Amino acid sequence: MTVEVTPTTFTYVYFDSAYIARIAQRLIGLFHLENHNIRIDVNETTPLAKMHIEFGDPIVINIQSGAFEDFSRPRQQSEPATTQSLGRILLKVRDRLSPEFANAPADEDLTLVQVAIWETYCVARLSRHDIDINRQRWLYNFRNRHGFNDASDRAFEKIWNSNDLTWEQLQDISNTAIALVQ
Amino acid sequence: MRKFFPVEDLARDERFNQITMNDRMADQRTAITTDSRPSRAANRIVPSRGDASDAARGLMHGIFVGEIQALEGAGRTCWDFTTGEEAPFELKLDMARQCWDEARHVEISIKLSDWMGSEIGEYAENTVLFQAACSNDPVLRLAGVNRALEGLAIDVFTTMKEFGEVAGDQYLEFAEDWMLADEVTHVKMGSDWLRKITENDPERRKKALDFQSVVDKLFSYGGTRSESQESPIGLARRFRELAGFDDQEIDVIADLSLAALEERKAAVLEAQAAHN
């Protein structure tokens, strides 16, 4: 297993590639992804925080700099933000490699609702690894995609408390919540 | 009590980290792309944006710290000038009423931030708003704070109110709508007092309007606010009209904002060329 981070030296932000690699290695161990080579490409020209996976050898994770940033100290790296962002995307990598998620659409074909349910599922599992997560932030995101109502909150709770869902089960929880208010 | 309080001495607890406009300008990154396809270029804070929730949370925190500084600015105007000689009593009464509104807005913003999953101090506090309130002429403060700053608040609240409306978040929609109504009143106070005090002093009025233009340009820095969908915040023409801006004044701000956006795009192209 190798972990590579590019660029090795940052010019737009004050990030540390070795620090990013160390955090990634810890998470890779935690999620049993040691059999894969991973490269993390940080796009430091934008403050946005989008992430994207390209499967191959190595598995390439494209991350915009906002995903690792301390928003209270612009351009500085945040250890919690780096851990949370890498944790989310690596859990998504693990899901994608498993047969339970074989039918999940490609990233570019995911709807905003599908992105929200998958992210909720990822951060919920992260929170059970002693990684500090602001649950309300993700509940707000879920409500933005499913509506501000009880059915939406029940669906969120169900996903938040689950560990072994398939893509179809995730979709089913989401669809039920949306159908109940239509 | 001390008069004319410098921005560096604003009281904040350890949760806050303050940055200046210089800090912001030193950040060469930008969300604005040179890709002209509408789906790629749009940055407006709307629910259909992929990172809508986080973008709205960041803007909400910006509103929260802006309200604190607006409260501090209006409060200073009540205190810094001698009643009757430098500022009419009725003007101070309006500023006192504004303090009351801003204090309420701070509390509403904290509750909305909780609701959206943000923490106080999660984002940096740009102190540019209070800096606009440090002039030693009350008329310049009215132009810089009530017309430029509160004008921006109208644009921001309209963007957030529409966000809540489309997302179905009634708390956000209603709270922003109520605060928006107050901001329209604050801008109108500024417009009315500016006209009244400088009625027979065209030079002072010009100086105040020039100062407002400088502040408006600062608030448009990087194309943050304009009528283009490439800007995160839109220009709320209708509510600005209600606040006393005439069409020509709104056109000037629209042009200025668009110029700031184009300036930023040119800088992005230049930086990309240098990077490659």
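Looking at the structure I just gave you, is A:T111 polar (S, T, N, Q) and under 14 Å from the mean Cα position of the chain (by Cα)?
Working: polar (S, T, N, Q): yes; under 14 Å from the mean Cα position of the chain (by Cα): no.
Spelling it out, it is not the case that A:T111 is polar (S, T, N, Q) and under 14 Å from the mean Cα position of the chain (by Cα).
Looking only at the stretch B:109-126, decide whether some residue is β-branched (V, I, T) and open to solvent by 30 Å² or more (accessible area, probe 1.4 Å). Explain how you work it out, then say what you get.
Of the residues in the stretch B:109-126, the ones β-branched (V, I, T) are B:110, B:120.
Subset that is open to solvent by 30 Å² or more (accessible area, probe 1.4 Å): B:110, B:120.
Within the stretch B:109-126, one or more residues are β-branched (V, I, T) and open to solvent by 30 Å² or more (accessible area, probe 1.4 Å).
Using the structure shown, decide if B:D101 is away from chain A (no Cβ under 14 Å) and either open to solvent by 30 Å² or more (accessible area, probe 1.4 Å) or of a type in the set (D, E) (or both). Let's see the steps before the verdict.
Values: away from chain A (no Cβ under 14 Å): yes; either open to solvent by 30 Å² or more (accessible area, probe 1.4 Å) or of a type in the set (D, E) (or both): yes.
Spelling it out, B:D101 is indeed away from chain A (no Cβ under 14 Å) and either open to solvent by 30 Å² or more (accessible area, probe 1.4 Å) or of a type in the set (D, E) (or both).
Kindly provide the set of residues from the stretch B:237-276 that are away from chain A (no Cβ under 14 Å), open to solvent by 90 Å² or more (accessible area, probe 1.4 Å) and of a type in the set (D, E), ordered by number. Explain how you work it out, then say what you get.
Here is the first cut: in the stretch B:237-276, the residues away from chain A (no Cβ under 14 Å) are B:237-263, B:266.
This time we only want the ones that are open to solvent by 90 Å² or more (accessible area, probe 1.4 Å), so: B:238, B:247-248, B:255, B:262-263.
B:D247, B:D255, B:E262, B:E263 - these are the residues of the stretch B:237-276 that are away from chain A (no Cβ under 14 Å), open to solvent by 90 Å² or more (accessible area, probe 1.4 Å) and of a type in the set (D, E).
Which helices (runs of 4 or more DSSP H) sit wholly inside the stretch B:119-238 and have at least 3 residues that are free of Cβ contacts under 8 Å to residues at least 40 places away in the same chain? Before you say what the answer is, go through the steps one by one.
Numbers: elements: B:128-131, B:138-141, B:150-167, B:170-197, B:202-219.
Correct list: B:150-167, B:170-197, B:202-219.
Within the stretch A:7-56, which residues are under 14 Å from A:L86 (Cα atoms) and among the β-branched types (V, I, T)?
Result: A:I20, A:I23, A:I28, A:I38, A:I40, A:V42, A:I53.
Which of the residues that make up the stretch A:148-168 are of a type outside the set (D, E, K, R) and either open to solvent by 20 Å² or more (accessible area, probe 1.4 Å) or away from every other protein chain (no Cβ under 13 Å) (or both)? Working first, answer last.
Going residue by residue through the stretch A:148-168, those that are of a type outside the set (D, E, K, R) are A:148-149, A:151-152, A:155-156, A:159-163, A:165-167.
If the condition is that a residue be of a type outside the set (D, E, K, R) and either open to solvent by 20 Å² or more (accessible area, probe 1.4 Å) or away from every other protein chain (no Cβ under 13 Å) (or both), then A:F148, A:N149, A:A155, A:I159, A:W160, A:N161, A:S162, A:N163, A:L165, A:T166, A:W167 are the ones that fit.
So which residues in the stretch A:1-26 are open to solvent by 50 Å² or more (accessible area, probe 1.4 Å) and either part of a loop (DSSP other than H, G, I, E, B) or within 14 Å of chain B (Cβ to nearest Cβ) (or both), if there are any at all?
A:M1, A:T2, A:T8, A:T9, A:T11, A:Y14, A:D16
Answer yes or no as to whether A:I131 is touching a Gly at 6+ places or on another chain (Cβ under 7 Å), in contact (Cβ under 8 Å) with a residue 40 or more places away in the chain and within 30 Å of A:S78 (Cα to Cα). Spell out how you get there, then give the answer.
On the way: touching a Gly at 6+ places or on another chain (Cβ under 7 Å): yes; in contact (Cβ under 8 Å) with a residue 40 or more places away in the chain: yes; within 30 Å of A:S78 (Cα to Cα): yes.
Yes; evaluated as a whole, the condition is true for this residue.
Need at least 3 residues that are over 18 Å from the mean Cα position of the chain (by Cα) and away from chain A (no Cβ under 14 Å) per element, so show me which helices (runs of 4 or more DSSP H) inside the stretch B:6-88 make the cut, counting only ones lying wholly within it. If you could, list the steps in order and put the result at the bottom.
Numbers: elements: B:21-26, B:38-41, B:52-80.
In the stretch B:6-88, B:52-80 are the helices (runs of 4 or more DSSP H) which contain 3 or more residues that are over 18 Å from the mean Cα position of the chain (by Cα) and away from chain A (no Cβ under 14 Å).
Which one is farthest from A:S85 (Cα to Cα), of the residues in the stretch A:111-147 that are of a type in the set (A, V, I, L, M, F, W, C), open to solvent by 20 Å² or more (accessible area, probe 1.4 Å) and more than 9 Å from chain B (Cβ to nearest Cβ)? Steps first, answer last, please.
Going through the stretch A:111-147, the residues of a type in the set (A, V, I, L, M, F, W, C) turn out to be A:112-113, A:115-118, A:122-124, A:126, A:131, A:133, A:138-139, A:142.
Filter once more, so that each one left must be open to solvent by 20 Å² or more (accessible area, probe 1.4 Å): A:112-113, A:115, A:133.
So of that shortlist, the ones also more than 9 Å from chain B (Cβ to nearest Cβ) come out as A:113, A:133.
Values: A:V113: 19, A:I133: 11 Å.
Among those residues, the one meeting the criterion is A:V113.
Of the conditions (1) farther than 19 Å from A:L33 by Cα; (2) touching a helix residue (DSSP H, G or I) at 6+ places or on another chain (Cβ under 9 Å), A:S65 satisfies every one except a single condition; which number is it?
(2)
Checking B:I197 against (1) surrounded by 17 or more Cβ atoms within 10 Å (Cβ to Cβ); (2) among the aliphatic types (A, V, I, L, M); (3) within 16 Å of the chain's Cα centre (by Cα), which single condition isn't satisfied?
B:I197 satisfies every listed condition except (3).
Applying the selection to the stretch A:85-110, what residues are part of a helix (DSSP H, G or I) and open to solvent by 40 Å² or more (accessible area, probe 1.4 Å)?
A:R94, A:R96, A:L97, A:P99, A:E100, A:E108, A:D109
Just a yes or no: is a residue in the stretch A:82-97 at pLDDT 95 or above, touching a Leu at 6+ places or on another chain (Cβ under 8 Å) and among the acidic types (D, E)?
no
Tell me which of these B:A153 doesn't satisfy, since it passes every other one: (1) more than 14 Å from chain A (Cβ to nearest Cβ); (2) modelled with pLDDT of 95 or more; (3) in contact with a helix residue (DSSP H, G or I) (Cβ under 7 Å, 6 or more places away or on another chain).
Tallying (1) more than 14 Å from chain A (Cβ to nearest Cβ); (2) modelled with pLDDT of 95 or more; (3) in contact with a helix residue (DSSP H, G or I) (Cβ under 7 Å, 6 or more places away or on another chain), B:A153 fails exactly one: (2).
Do we have A:F101 as hydrophobic (A, V, I, L, M, F, W, C) and away from every other protein chain (no Cβ under 14 Å) here? Walk me through it before giving the result.
Working: hydrophobic (A, V, I, L, M, F, W, C): yes; away from every other protein chain (no Cβ under 14 Å): yes.
Yes: the conditions hold for A:F101.
Anything in the stretch A:27-74 that is touching a residue at least 40 places away in the same chain (Cβ under 8 Å), assigned to a helix (DSSP H, G or I) and more than 14 Å from chain B (Cβ to nearest Cβ)? List them, or say none.
Within the stretch A:27-74, A:L27, A:I28, A:L30 meet the criteria.
The values are calculated or read from the model by the stated rules, or taken from the named source; none is laboratory data. Just so we're clear, the structure is a prediction, and the values are computed from it rather than from any experiment. Every residue, glycine among them, receives a Cβ derived from its backbone with ideal geometry; neighbour counts consider all protein chains shown. We work out accessible area using only protein heavy atoms, side chains counted, and drop any ligands, DNA or RNA first. Shrake-Rupley method; radii C 1.70, N 1.55, O 1.52, S 1.80 Å.
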